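Here the structure comes first, spelled out in structure tokens, and everything after it is commentary.
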Amino acid sequence: MIFIFKTIKWFFVILFSLIFLIIGNYFSKVFAGYYRLNVEQVYASDHFNFLKSHFEVVKPSSGNKFPTIIMFHACGGPYPYLDSWQKFFSDNGIASIQVDSAGPRGMSRRTAIRTICSGVDLQGQERAGDVYSVLTSLDQFSWIDNDNLFLAGWSHGAYTLMDFMTMTNELVPSNIIDFEEKNIPKIKGKITFYPHCGILNLSQKHDWRTKTPSLVFLADQDGFGLATQPSDCIDLFETMNKKERHIDFYLMENSTHVFDSEFYIRRGIVYNKEATDFAKNKIISFIKSSGSKDN
């Protein structure tokens, strides 16, 4: 009997030690990224050249200059539903550039889901360097109407844009050597879908660089793990709007994470056409007015 108890005791000691090591290893990687300890630092122009081969550019069929949306995908990499968004934008006279943050880094969908979605790799402050590198090199695209430049992000891409909005010369993207706040062009508006607003989102502790008009779509049945709880975003946005209202957010009813994808993503994610159509109408009004003030 004593032998059995000792065996059970050591079993649990070993089990909890392994659990502790696994958890410790995970958080060490998360915070290493957060504190720039495991991030390769590069010049913005070099990073733009690194990313641009994976751009998906869609423009209206006629015209010379277009309002333009720079798009940033969710943690699993580009999905077909973002192609649908690009077609919708083009049909409404809007150009778009979909920036792939996973492909140039050699990440397959499975790898991106395992590492980016878990928070181990490519956290918002690092991916903000993707945003900065693209924005500071847009002079390579003569068809962009620089007075009508917008950002859009989905899930991890939305969280990335929120982190980017906190970047200043004192708080810089973790992967960019030559960040200069003055080089960021004027952003007319920002569109985000179901962002992560909780722990490690820099907007929890740092003000946005500018009060850029922002349009946000949240899902009432969200909860991608604990990462995309809509209540975290509502609390944060209400606090941010107290001094000056610049964020309009909508909690979409009967909507899951990635409610705007008509393509299958995974079990538990359901397409909501009514919510998607609502978002489309709001976005077009937002782009035409450069700010949504009707919420």
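The values are calculated or read from the model by the stated rules, or taken from the named source; none is laboratory data. These numbers were taken from a predicted model, which means no experiment stands behind them. As a convention, Cβ positions derive from the backbone with ideal geometry for all residues, glycine included, and neighbour counts pool all protein chains shown.
Worth a mention:
One line per residue, one yes/no per condition, for (1) within 16 Å of the chain's Cα centre (by Cα); (2) in contact (Cβ under 8 Å) with a residue 60 or more places away in the chain:
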residue	(1), (2)
Trp143	no, yes
His156	yes, yes
Asp163	yes, no
Met167	yes, no
Ile177	no, yes
Pro185	no, no
Lys190	yes, no
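- Of all residues assigned to the range 34-57, at least one qualifies as being of a type outside the set (D, E, K, R), in a helix (DSSP H, G or I) and modelled with pLDDT under 55.
- Set Ser96, Ser84, Ser90: member being under 17 Å from Thr192 (Cα atoms) and either surrounded by fewer than 17 Cβ atoms within 10 Å (Cβ to Cβ) or within 13 Å of the chain's Cα centre (by Cα) (or both): Ser84
- Complete set of residues in the range 167-212 that are of a type in the set (Ser, Thr, Tyr), under 27 Å from Gln140 (Cα atoms) and touching a strand residue (DSSP E or B) at 6+ places or on another chain (Cβ under 6 Å): Thr192, Thr212
- A search for C-beta distances below 8 Å between a residue of the range 194-215 that is without any contact (Cβ under 8 Å) to a residue 24 or more places away in the chain and any residue that is small (Gly, Ala, Ser) and surrounded by fewer than 18 Cβ atoms within 10 Å (Cβ to Cβ), counting only pairs 6+ apart in sequence or on different chains, returns nothing.
- Of the residues making up the range 106-123, those that are surrounded by fewer than 20 Cβ atoms within 10 Å (Cβ to Cβ) and within 25 Å of Cys197 (Cα to Cα) number 9.
- Residues satisfying the stated conditions in the range 191-200, i.e. modelled with pLDDT of 95 or more and surrounded by fewer than 24 Cβ atoms within 10 Å (Cβ to Cβ): none
- Top-ranked residue of the range 202-237 - restricted to ones that are in a helix (DSSP H, G or I) and among the small types (Gly, Ala, Ser), ranked as surrounded by the most Cβ atoms within 10 Å (Cβ to Cβ): Ser203
- Gly268 fulfils the conditions (1) assigned to a loop (DSSP other than H, G, I, E, B); (2) surrounded by 16 or more Cβ atoms within 10 Å (Cβ to Cβ) except for a single criterion, (2).
- Test result for Thr166, modelled with pLDDT of 95 or more, surrounded by fewer than 21 Cβ atoms within 10 Å (Cβ to Cβ) and under 17 Å from Gln125 (Cβ atoms): yes
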